[in-house]
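**Q** Following this message is one structure expressed as structure tokens.
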Amino acid sequence: MSALAGTIAAVVALVAYLMPAPPSQPQPGPALPTPAPPSQPQPSQVVPTPAPHSSSPDPATTRHAPPTSSPSPESGTLRPPSPTRAVPVSTPLLPAARPDGCDEAAAALTAYSRNAGTVRSSQAAAAQQTYRDLMGTALHAQGVVGTKISRLAAEFQELNFRLTGMTGGDPNQVIADINTDVAELNRLCGSG
């Protein structure tokens, strides 16, 4: 029942938001006309057209707008500005939000690349640290990204075991699996 009440409250709030504000009390003083939104130019108005780039001006393609006079303060009425054509401004799109865990996993993988070195013991230590970092990250990640990060964590644990001699096998096989899963994680996170 509370879900229905919540839905009704949301609809009421939306309607209240979309309703126009009630008119406020008119202020004493001179009433000014409200300019209408610009739409199509009227025949009495002259719209300038861009002149073609040529060495000689062509009076047939250039039209001049008649000078407009500013309203005098004594007249009490304001003249709306002549309509102008609005140029659409393209705003850059906001980057899509990356799924939870992507940034943390990328940081852990970058740290592994930076800290692994060329000696097996330093590679094993870096693999163990990356395993810990990825396991922490996997707790916050969801869906396929979380699953992929958990799989990478297990692969770094396996790499550590193989580099330290706890299990047999070629570490290069695990590294190939890691590289495949890192490429898949980059695809899922939208960074590659």
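The values are calculated or read from the model by the stated rules, or taken from the named source; none is laboratory data. Keep in mind that this is a model prediction, so the values were computed, not measured. Note: ideal-geometry Cβ built from the backbone for every residue, glycine included; neighbour counts use all protein chains shown.
**Q** Out of all the residues in the range 135-190, which are within 38 Å of the chain's Cα centre (by Cα), small (Gly, Ala, Ser), over 13 Å from Ala108 (Cβ atoms) and in a loop (DSSP other than H, G, I, E, B)?
**A** Within the range 135-190, Gly190 is the sole residue that qualifies.
Condition check ((1) under 19 Å from Leu163 (Cα atoms); (2) modelled with pLDDT under 95; (3) among the hydrophobic types (A, V, I, L, M, F, W, C)) across all residues:
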position: Ala106; (1), (2), (3): no, yes, yes
position: Tyr112; (1), (2), (3): yes, yes, no
position: Thr118; (1), (2), (3): yes, yes, no
position: Ser122; (1), (2), (3): yes, yes, no
position: Met135; (1), (2), (3): no, yes, yes
position: His140; (1), (2), (3): no, yes, no
position: Gly143; (1), (2), (3): no, yes, no
position: Thr147; (1), (2), (3): no, yes, no
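**Q** I've got another one for you. For the structure I just gave you, tell me whether Asp181 is more than 20 Å from Gly101 (Cβ to Cβ) and of a type in the set (Asp, Glu). Walk me through how you get there before you give the answer.
**A** On the way: more than 20 Å from Gly101 (Cβ to Cβ): no; of a type in the set (Asp, Glu): yes.
Taking the combined requirement at face value, the residue does not satisfy it.
**Q** Could you list all residues from the range 109-128 that are surrounded by fewer than 17 Cβ atoms within 10 Å (Cβ to Cβ), within 33 Å of the chain's Cα centre (by Cα) and touching a residue at least 12 places away in the same chain (Cβ under 8 Å)?
**A** If the condition is that a residue be surrounded by fewer than 17 Cβ atoms within 10 Å (Cβ to Cβ), within 33 Å of the chain's Cα centre (by Cα) and touching a residue at least 12 places away in the same chain (Cβ under 8 Å), then Ala111, Asn115 are the ones that fit.
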